[in-house]
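All of the numbers you see were taken from the coordinates with simple rules; none came from a lab. The structure displayed is predicted, hence computed values, not measured ones. Using ideal geometry, Cβ is built from the backbone for each residue, glycine included, and neighbour counts are taken over all protein chains shown.
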């Protein structure tokens, strides 16, 4: 069956991954209300085309935090991509490079900052949590700086790990709970098992050699203990004292927090609810976006993360004021379906949809998008 959408890649990923692994990337927190809202709220927005405009030369390139990208897409930081496909982070980063889009490496990646930076033709972004062990956090920031990372992203919505019911049922906890049903399901996916067993050893590469453990589960247990409920804006000031490059905060939904970010020297906020994987029942990313954009009044850049599956979603987010969109699950579905080529397919699909729908919308470039391109329940968004 031909792959013509990100949803087709999702179906392929479901077939090729053991259920526990697929649900790890596909699922959300508790009742998954926010997970569903991230998609459904995009559908509540309608595009409002302009007729008789010259769209013969279209341009979807953007500049985000000083970096030029051929399309307004940034691969979001995602943990453990090497479980989905061998060398998953590297495969994804190289696909992003080929497509001319952004790539943000997770602290919890299965490839290190240095490995990905050396392999990439353009500077990557690096995502970090403010850890209890501040010296370790500082070391990671300095490593990212030395490796040439262009942007530091601090995730601020992970004071504690959200409860993801699917993962608990599947035994994907720390430590993991192995069950007979999982063993049977893994046996029914020999392709994944073969790649996992014969590929590079999966570990949290950024912590290798730091004395925090030798295997993935030991290191994961350590990292899980590092989530810090005492983090405040003073810690963002501390981060800014260490990192002198572009700084973004990921996990902002409240407009007042966005204002404070600007006051504390942050260069961008990423409107995100962690893909619906943390606090269930919060607003969708796209619903929160316009108030955040209005609150910062152009002082800092705003990026959307959450729910993007179609090029139309990107156009809607940019019409509401986003500079670009992060995508997590779409590239992971592609990675699971066909490794780096699958990631390239996901990016190709989204880029093609952005281009086609720009033309049909009557806009020659993403720079022409504003709220006049949208309606909500039949009422223009002024």
Output the peptides 103-109, 270-276 sorted from most to least packed, where packing is the average of other Cβ atoms within 10 Å over each peptide's residues. 270-276, 103-109
Please state the shape class of region 135-204: rounded when a/c is under 1.5, otherwise prolate if a/b exceeds b/c and oblate if not, all from the C-alpha gyration tensor. oblate
When 160, 1 are ranked with the fewest other C-beta atoms within 10 Å first, the list becomes 1, 160
Contact order normalised by length for region 90-239, with contacts defined as Cα pairs under 8 Å and 6 or more residues apart; what percent is it? 26 percent
For peptides 307-316, 238-247, sequence by mean Cβ density within 10 Å, most packed first: 307-316, 238-247
Burial order of peptide ranges 78-88, 329-339, 134-144 (average beta-carbon count within 10 Å, highest first): 329-339, 78-88, 134-144
Only counting other Cβ atoms within 10 Å, I'd like 55, 231 sorted with the fewest neighbours first. 55, 231
What is the chain's relative contact order, in percent, from Cα pairs under 8 angstrom and six or more apart in sequence? 29 percent
Helix-derived [θ] at 222 nm for the chain: sum -39500 (n - 2.57) over DSSP H runs of at least 4, divide by residue count, nearest 500? -13500 deg cm²/dmol
Length-normalised contact order of region 35-117 in % [C-alpha pairs under 8 Å, at least 6 apart]: 26 percent
Once you have the Cα-Cα distance between residue 57 and residue 254, take 0.36 nm times their residue separation minus that, and quote the gain in nm to one decimal. 67.2 nm
